[in-house]
1. Against the longest principal axis of the chain, how steep is helix 200-209, in degrees 0 to 90 to the nearest 10, with axes from Cα atoms?
2. Which one, VAL281, VAL22, VAL121, has the greatest fluctuation when you compute a Gaussian network model over the chain with C-alpha springs under 10 angstrom?
3. Most mobile of THR255, THR85, THR236 per a Gaussian network model of the chain (Cα springs, under 10 Å)?
4. Highest first, please rank the peptides 305-313, 97-105 by the mean number of other Cβ atoms sitting within 10 Å of their residues.
5. Find the relative contact order for the chain and round it to a whole percent, using C-alpha pairs within less than 8 Å whose residues are 6+ positions apart.
6. What's the extension gain from VAL121 to GLN65 if we count 0.36 nm per residue and subtract their Cα-Cα distance?
7. Which one, ILE130, ASN258, ALA23, is farthest towards the positive end of the dipole of the chain when Lys and Arg carry +1 and Asp and Glu -1 on their Cβ?
8. Given +1 on the Cβ of Lys and Arg, -1 on the Cβ of Asp and Glu, and no further charges, what dipole in debye does region 158-354 carry about its Cα centre, rounded to the nearest 20?
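Every number in this text was worked out from the coordinates using simple rules, so none of it is lab data. Since the structure is predicted, the reported quantities are computational estimates derived from the model, not experimental observations. With ideal geometry, Cβ positions are generated from the backbone for all residues, glycine too; neighbour counts draw on all protein chains shown.
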Amino acid sequence: MMRDGPVRVLLIDDQPLQRQAVAAELDRVGDLHAVACSGEQAEIRQRLTQFHPEVVLLALDLRSQDPLALLRTLREHYPVPVIVTTEAQGLAADRAVRAAAEGALDVVRRPDGRGREALAVYTRELAERIHGAVQLARPVRLAPPGARAPRGVEGFDPRQYLVVIGASTGGTQALAALLEQAPVDFPAVAIVQHMPPGFTRSFAERLNRGCALRVTEAADGDPLGPGRAVVARGDTHLTVSGSPGAWRARYTDQTPVNRHCPSVDVLFESAAAWGRRVVGVLLTGMGADGARGLLRLRQCGALTVAQDEASCVVYGMPREAVRMGAAALEASPADIPALILKTLSARVRPAAARTP
């Protein structure tokens, strides 16, 4: 995409030394121009009207005002991508998950160290997220108000099926919309959401409060069955093992795959051995993690679904899957559970009809 100048970035942070250091480092990237300000409303308003930022970086530890209230105001009155920055300690993790649910495009964990190298690594990650946000971000379309989860469909045994889901940027909202529409007897679900370590437990708890399924952060060896969903920890690859009717969650190593740990591809590849007993779902996100794994699942006979472009915050991972021919179906998150149940039951009926 051709641009007339650098991407304008507004950094909102109460800590003057921190915000100035990060802004200066971002300016060194070359195609970014960062301006820093405090959390005071008057200063933020002035920066927005005079600087016209294309991306906002919002620190979630603001003291001058409620950062979540500020996020809601920005999303309503100045709807550009907002990336939140935080520490993964104590209540910070829960606040970050709430921010993602309320429209933050991405969550970036600040480094524990304060040296020059830590700052450089942190700002490189911020720059990557900023570039992706300004090029790919779009409003998300969630489930319509008052939508109800479908009832389970007769004709197949949910204990015999496993649903594996991968998501990245925008996935916190997409996953919530999807799981809210899953009935209590939905097949077992294993989820990889790209998220920093320390956030996934709070994320799972938040999902659990909004759906009929029991959602938890996965523990190694957890049994998986109908009505149960697990979310991978943010620091280790999640896989599935066992057999139909006796699935289990398993953690492996911490070596990044596609620059991610956990990786969607790792989860999908682990499920491919069960072919038609598996459903692979790839949701919104930057990059291509999960696309090859979804293709592998389809080649093995699994049902594969990609989030449709219209409902994606970032049509990156699903687009790559569609380009590769990995997705048999496309749908919005809220429509995916009913689509899965309908398709699986249709697969079973012909076989049942042939039984003497």
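1. 60
2. VAL121
3. Residue with maximal mean-square fluctuation among THR255, THR85, THR236: THR255.
4. On the way: 305-313: 23.7, 97-105: 21.9.
Per-residue Cβ counts within 10 Å, averaged per peptide and sorted highest first, yield 305-313, 97-105.
5. Values: 796 pairs, mean separation 47.5, N = 356.
Computed over the chain, the figure is 13 percent.
6. Numbers: separation 56, 0.36 × 56 = 20.16 nm, distance 2.85 nm.
Between VAL121 and GLN65, full extension yields 17.3 nm more.
7. ASN258
8. 640
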